[in-house]
Amino acid sequence: MIAPPDEVVRRAAHTLLREERLDTTVLAAELGISRVTLFRRVGNRDALLGEALWWLAERTLRQAAEAHDSRPEGEGEPGRLRSLAVIEDFRSVLGTAPSLRHLIDEEPATALRILTDPRGRVQPRMIEAYTALFERDVETLGLTSEVPLPLLSYAVVRLGESFLYSDVMVSREPDLKAAATVCDALVTGVLGLRA
């Protein structure tokens, strides 16, 4: 049986987790298919990297949300929005993930292009995921946003990227605490809350 696209993406993600370069020729051989078949299933290397990075990111974000929701009542910052706590935890995991750092160190231009492309496979999905987090808080707490939530999510994603990948973008050490402070101030202000 020919490997379905989700199996190809899963294998590519595991290659990244092992901190190995994603080589489509090697991956196709491991799957027992030709490079042409691999390309037909998932697209070129950039497309496959995008899918693999999103596969990893989506699972990490879901785990951050599940970990937050399983905390005992009263644990964590009182009054802090669930969305902001989950996003900070997610960003913290990304900031310390050896596999992501390896990819960024080995292929900085490729990694940033794939991670931050507004028409790519990662950033638009990240914006959708953040929008869902904000929607839950807005609904649960009866809040009103001064801007559409997808626009707020876009701003938070872009801010997060600028802090998370600052070492590559502007030769500045990533500062995830500053990212949380700035994002929290933006979101609480837009939602009419005071931090």
Value in Å of the Kirkwood radius, where the range 26-127 supplies the Cα pairs that are averaged
15.6 Å
Just one of (1) 33, 18, 15; (2) 26, 21, 15; (3) 36, 24, 15 is semi-axes √(5λ) of the Cα gyration tensor in Å as worked out from the coordinates here. Which one is it?
(1)
Share of the chain's accessible area from carbon and sulfur, percent, 1.4 Å?
53 percent
Angle, helix 149-164 long axis vs. longest principal axis of the chain, Cα atoms, 0 to 90°, nearest 10?
70 degrees
Calculated from DSSP H runs of 4 or more alone, at -39500 (n - 2.57) each and per residue, what is the 222 nm mean residue ellipticity of the chain, nearest 500?
-23000 deg cm²/dmol
Which trypsin sites (Lys or Arg not before Pro) from the range 1-59 combine a DSSP loop assignment with at most 16 other Cβ atoms within 10 Å?
Arg18, Arg21
Accessible area (Å², per residue) of the chain, counting only protein heavy atoms and a probe of 1.4 Å:
54 Å²
Provide the convex hull volume over Cα atoms per residue for the range 102-195, in Å³.
99 Å³
Name the GluC sites (Glu not before Pro) in the range 1-106 that are in a loop by DSSP and that have at most 16 other C-beta atoms within 10 Å, would you?
Glu19, Glu20, Glu73, Glu75
Based on Cα positions only, what radius of gyration and what Dmax would you give for the range 83-151, in angstroms?
14.7, 45
Heavy-atom SASA rank of Phe39, Phe134 (probe 1.4 Å, accessible area, largest first)
Phe39, Phe134
Burial-style ranking of 151-157, 135-141, 182-188, average other-beta-carbon count within 10 Å with highest first, yields 151-157, 182-188, 135-141
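The values are calculated or read from the model by the stated rules, or taken from the named source; none is laboratory data. None of the values given here were measured: they were computed from a predicted structure. In this analysis, Cβ positions are derived from the backbone assuming ideal geometry, glycine residues included, and neighbour counts consider all displayed protein chains. Please note that ligands, DNA and RNA were not included when accessible areas were found on the heavy atoms of the full protein model with its side chains. Shrake-Rupley method; radii C 1.70, N 1.55, O 1.52, S 1.80 Å.
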